[in-house]
Each structure stands twice: as structure tokens, then as C-alpha cells.
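One structure is given below, encoded as C-alpha cells.
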Amino acid sequence: MNSIGSGLIGYAAGFLTFGLVKSYFMNKSSTKKSEPLKSGVLANVEHSVLNLTPHSINLYDDASNLLFGIKPDEKKMQLRLVSSQVVENEQGCMYGVLSYNYDFDFTKQLETFMKDRNVYSNNIGSGDFVYGKIPMRSPVVYDKVEGIDQLREYLKMDYSGTYSSIVVSMMVAEYLISHKEEFSDLKVHVLVPDSDPKNVVRDTKGAMIGVKGFVSYGKLTE
């Protein structure tokens, strides 16, 4: 996705007409080899897309031919889930963990080497097992969308109502939809790059370079 060609296409996509984007979504549903549209995808809606992820999104057809790219918007408007809480190790506690599956031959390790790292071995008759002290902490609670205030101000300044859809990560999409009452004033469709294995395009090394469409999470409305 970092190739010069993809970058130029991603840059040029900012100047594509909304009709091109609409045509892509509608033509996908009529292509013989295309997969059926997922439930909830608004195939007849004209999606004027604002990419709020950190990366350019390359769109391919069903034959894995590059159609065009959508470059990300300004960095200050990229939406990310963040936590307003500081999560630390639970009083610095370490928990003993037993394991019969370990990827080294303990008998070949020096005892002092293992003890310095809080790893020990024992024998229970059926074979050696290893136990060690592993750090644990509480899960991070993501409760804030970074960049949402900048997006609100941007959409307020967009008097023509240019953008009807935003592209975000799956985590951000799920948070926005599950907190609709907080974000309903945005009045935009929430789209996520379709990462289903059938709809992901990869290069010869297996790296993901694009997708064949989006998943619609619905519209944020008042």
C-alpha cells in the first residue's frame, strides 16, 4: 500500500466525483462473481466517503484489479478509541502460572539463569513442568473517541453536507453505534473496510494491500 502507484491513486481519489464512488458500490452488487451484499449494507445510498483511519484504503474489484484508493484525512481528524483511565498492574502483583507446555529443554538451562527470571521447574513423576510468575493487569476500558470533536467542527463547517459516510476501524464503528445517542448529531453512515478473508486482497508475500468493499454499520441519526 506504500508504493508510489498506490499513493498517487490514493491522492487522486480525493478528487473523484461522488458518482464514481456510488457507481462502485452499485456495480459490485450486479457483478456476476461478486459476493452477496452483507445485511445492512445500503447499496442504493450515495456514499461520499471521508476516510478517518490512519491508512489509505485501496479498493479492488472481484478480479483483484485496483479501482482506486481513498487517502486518509488530516491526522487530527483520525478517529481512535482511547481510555480515559490509567490502568496499572494490580499493585504490581505477579501470579504463578503452571504450564506443561514450554518451548525449551529445561534440563539444559542453568538453574541460576531461570531463577533470576522467576522461572522454576519441578518433577511430578509424569515429567517436568515449569511454573513462573507472569504479570497481570485489568483490561483497558476504551471510553473515548479521540478526534471526534475535530470531526464535529469539520462537519459543521461543511455547509453543503458533502460527506455522508465515514470510514473507521471496526472497534471505533462498534463504539459509535453502541453509543448512538452521543454521536447522533453527526448524521453520517459508518463504514468499515471489509476484512472478510474472501474480500481482502493480498500481495505475493501475503500482506494485505486492499479490500473489495465496505461493511455498513448503519447511520448515526438523532
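Remark: spin-label model distance Ser184-Met171 equals 2.8 nm, labels positioned 7 Å along the Cα→Cβ axis.
As a rough footprinting exposure proxy, the listed residues Arg152, Arg117 were ranked by other beta carbons within 10 Å of their own, and the order from fewest upward is Arg117, Arg152. Rounded to the nearest 20 debye, the dipole size of segment 124-219 about its Cα centre is 240 debye, using +1 on the Cβ of Lys and Arg and -1 on the Cβ of Asp and Glu. Using the average count of surrounding beta-carbon atoms within 10 Å as a protection proxy, the listed peptides 202-209, 49-56 rank, highest first, as 49-56, 202-209.
Scanning residues 5 or more positions from Thr53 or on other chains, those with amide H under 5 Å from its amide H are Asp73, with H placed 1.01 Å from N in the peptide plane. Per-residue Karplus couplings for segment 49-59, computed as 6.51 cos²θ - 1.76 cosθ + 1.60 with θ equal to phi - 60°, are listed in order as 9, 10, 7, 10, 8, x, 10, 5, 10, 8, 9 Hz, Gly and Pro entered as x. Local charge for Tyr154 was computed over the other residues whose Cβ lies under 12 Å away, with Lys and Arg +1 and Asp and Glu -1, and equals -2.
Close amide H pairs (under 5 Å, H built 1.01 Å from N) link Phe68 with Leu59, residues at least 5 positions away or on another chain.
Every number in this text was worked out from the coordinates using simple rules, so none of it is lab data. If you're wondering where the values come from, they're calculated on a predicted model, not measured in any experiment. Cβ coordinates were reconstructed from backbone atoms using ideal geometry, including for glycine residues, and neighbour counts include every protein chain displayed.
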